[in-house]
Amino acid sequence: MRSLLLSVALLSVSTSAALAEFSDGKVVLGVMGDQSGVVADVGGPGSIVAARMAVAGFGGTVDGTPIEIVTADHQNKPDIASSIAREWFDRRGVDAIVDLPHSGVVFGLIPLATDKKRSLLISGAASTDITGRYCSPYVTHWTDDTYALARGTAASLLDQGQKSWFFLTADYSFGHDLEGVAQQVVDERGGKVVGSARHPLGTADFSTLLVRARSSSAEVIALASAGADTVNAIKQAGQFGIARSGQKLAALHAFVTDINSIGLETAQNLIISTGFYWNDNDATRAFARRFFATHGRMPTREQAGVYVSVLHYLKAARAAHSDDAASVNDQMRQLPVDRFGREAHIQANGRVTYEIGVYRVKTPAESKEPWDFYARTATVPASAAFRPASASGCSSQAARAQ
């Protein structure tokens, strides 16, 4: 009897010690994104659904320690995001913030999270600087960045013999980054940029720019933009008969929800790159159909990134027996990442690397069901799609948790 009591006592002490390694006796995840603005379609409420699906799929606890989710709308404003994050870190016990569209928001949160030793799991913003000059040991980047998107599309089309290019570029840093990376690939592979035109963010009328692009006789017209600018340009390119003239239209940054809003009649034969498409394999389809049952739309790459990042964070917390950010981020970088049955890895600078698919948007006749939009035309391996950590501009000191 004394032996049994001693064993129970030791087990209780061991269990209490393990639970004590989780601050506040729980793991708290904050889903912060654009819940009602210009990019709510690609993240927004769907990112909250994805995070909750990941927690449920993990079992709702980390070895008995409960997992809590809190949510907020940062309204795409860095000052609002920083205020929310500070409140979450100081008073709500949030261990990690996920989603995070808008690079300006992310750049404001990285020094705060680093100072507070909390984790950021980024699936919305796309700047390469996140794991470059602004890298942090507490930050990981889970979805396609401007380098991967532009390089994947450009390399694939150049391999198909499309050598002459014209860029329609949104006139701010994001658009410039997309154009710059794509132009570098064009130059490296013996192609030629025959023209370019820049437009302000929020341009409604692309007619003059599209006339210039069509008149250039470029084999590829590349849209270095995002959101409403890309959607408007694609719609108006359809009206101008760009594709029927034999020129290829390539969107360097587009989401499956964009194609859904445009429609296949207009978007058909558009070329895009993405690291996630819901209809790629059995694992993506299984996740997507569960997501659709709750959200009523197929998941975007941002929402898929939230799902994968939360699952991996929880696996790392279980391996570390802790929610200590340094320990969890160390485990995150050591453990292989499961991206819907395909293995990915996290570089020392926090960049998650995986293969990128290049797709052609199907014609209406090719589509077999709702949301059946893409046909894969090429695959870019992870080693070619993403910059090596050594070339990212991230210092070894910044990439190492203290």
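With a 1.4 Å probe and all protein chains left in place, how much of the accessible area of the chain comes from carbon and sulfur atoms, in whole percent? C and S fraction of accessible area: 51 percent.
Semi-axes of the equivalent ellipsoid for the stretch 97-161, computed as √(5λ) from the eigenvalues of its C-alpha gyration tensor and ordered from largest down, come to 28, 10, 9 Å.
The 3J(HN,Hα) values that the Karplus relation (6.51, -1.76, 1.60; θ = phi - 60°) gives for the stretch 371-378 are, in residue order, 6, 8, 10, 10, 10, 6, 10, 7 Hz. Gly and Pro appear as x.
Ordering PHE292, PHE167 by how much accessible area each has at a 1.4 Å probe, largest first, what is the list? It would help to have the intermediate numbers written out before the result.
Values: PHE292 80, PHE167 0 Å².
Correct descending sequence by accessible area is PHE292, PHE167.
A probe of 1.4 angstrom, applied to the heavy atoms of all protein chains, finds GLU87 with accessible area near 70 square angstrom. Our coupling estimate for the stretch 75-82, obtained by passing each phi through the Karplus curve with A = 6.51, B = -1.76, C = 1.60 and θ = phi - 60°, is 6, 6, 10, x, 5, 5, 4, 5 Hz, Gly and Pro reported as x. Taking every protein chain into account, the 1.4 Å probe leaves HIS321 with about 100 Å² of accessible area, to the nearest ten.
Checking the table LYS315/LYS362; LYS26/LYS116; LYS117/LYS315; LYS77/LYS315; LYS77/LYS192; LYS77/LYS117 against a 29 Å threshold on Cα-Cα, which pairs fail? All intermediate terms of the calculation are to be shown ahead of the outcome.
On the way: LYS315/LYS362 37 Å; LYS26/LYS116 18 Å; LYS117/LYS315 19 Å; LYS77/LYS315 31 Å; LYS77/LYS192 38 Å; LYS77/LYS117 22 Å.
From the list (LYS315/LYS362; LYS26/LYS116; LYS117/LYS315; LYS77/LYS315; LYS77/LYS192; LYS77/LYS117), the Cα-Cα distance tops 29 Å for LYS315/LYS362; LYS77/LYS315; LYS77/LYS192.
Listed by chain and number, the aspartates and glutamates whose C-alpha is less than 13 Å from the C-alpha of LYS248, apart from same-chain residues fewer than 8 away, are GLU219. Normalised by the number of residues in the chain, the average gap of Cα pairs under 8 Å and 6 or more apart makes the relative contact order 19 percent. 3J(HN,Hα) along the stretch 249-262: 9, 10, 9, 6, 8, 8, 10, 4, 5, 5, 5, 4, 6, 6 Hz, from the Karplus curve 6.51 cos²θ - 1.76 cosθ + 1.60 with θ = phi - 60°, whole Hz, x for Gly and Pro. Give me the net charge for the shell around THR379: Cβ to Cβ below 12 angstrom, other residues only, Lys and Arg +1, Asp and Glu -1. Net local charge, THR379 excluded: -1. Overall size of the stretch 152-215 from C-alpha positions, given as principal axis extents largest first: 33, 27, 15 Å. With helices as the sole contributors, the chain gives -13000 deg cm²/dmol at 222 nm; each DSSP H run of n ≥ 4 counts as -39500 (n - 2.57), and the sum is divided by every residue.
Computed over the stretch 119-197, the range of Cα coordinates on each principal axis works out to 43, 26, 18 Å, biggest value leading.
First select every other residue whose beta carbon is under 13 angstrom from the beta carbon of GLY57; then total the charges, Lys and Arg +1, Asp and Glu -1.
Details: positive: ARG52, ARG290, LYS315; negative: ASP338.
My count for the surroundings of GLY57 gives +2.
With +1 on the Cβ of every Lys and Arg and -1 on the Cβ of every Asp and Glu, and nothing else charged, how large is the dipole of the chain about its Cα centre, in debye rounded to the nearest 20?
Details: 38 positive and 39 negative charges, 97 e Å.
Charge dipole of the chain: 460 debye, to the nearest 20.
For VAL193, the residues 5 or more places off, or on other chains, whose built amide H falls under 5 Å of its own are TRP165.
Listed options for Rg and Dmax of the Cα atoms in Å are (i) 20.9, 60; (ii) 21.0, 67; (iii) 22.3, 91. The value calculated from this structure is the one marked (iii).
The values are calculated or read from the model by the stated rules, or taken from the named source; none is laboratory data. A quick note: this is a predicted structure, and the numbers were derived from the prediction, not measured. Backbone-built Cβ (ideal geometry, glycine too); neighbour counts: all protein chains shown. Surface accessibility is based on the protein's heavy atoms, side chains included, excluding ligands, DNA and RNA. Shrake-Rupley method; radii C 1.70, N 1.55, O 1.52, S 1.80 Å.
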